[in-house]
Amino acid sequence: MHAHPRDLKSNTAARLMSIAAIRARLSMLAVAYAARIGAVNMNDVLATASAVVAVFGEDHDLSREMRGFVDSLPELRRHVPDLASAGDRLIRAVERTTWPDADGRADIHG
């Protein structure tokens, strides 16, 4: 059985999109963990925000979370506990979009 060239092209595009999505999520996690320890690099944050929007689009949850983080970063940098909390929110956003069927009960899953 042979695959049609159109199907191969479609599979390749889907696979590349998933690789780009994984890279964007990993970049977002890197920013989140840097925020948790108070070591945020603005160039990394802006590059990650651009990558997330490019891969997922303006209206995606990850894009909104990342834009919110970027917008609040000047204020967050003044208070490390708030920056760490913002990092935790980014981590949870990635988790929510990675495992969309996960139980959303905060009393059980944090």
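None of the figures in this text is laboratory data; all of them are computed from the coordinates on show. Note that the structure is a prediction, hence the values are computed from the model and not measured. Cβ: placed from backbone, ideal geometry, glycine included. Neighbour counts: every protein chain shown.
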Any idea how far apart residue 96 and residue 44 come out in nm if each label point goes 7 Å out from Cα toward Cβ?
-> 2.4
Of 77-83, 66-72, ordering from highest average Cβ density within 10 Å down gives 66-72, 77-83
Starting from the alpha-carbon convex hull of the range 7-100, give the projected area averaged over all orientations, in nm².
-> 6.0
Peptides 86-98, 34-46 ordered by average Cβ neighbours within 10 Å, highest first | 86-98, 34-46
Find the relative contact order for the range 7-100 and round it to a whole percent, using C-alpha pairs within less than 8 Å whose residues are 6+ positions apart.
-> 36
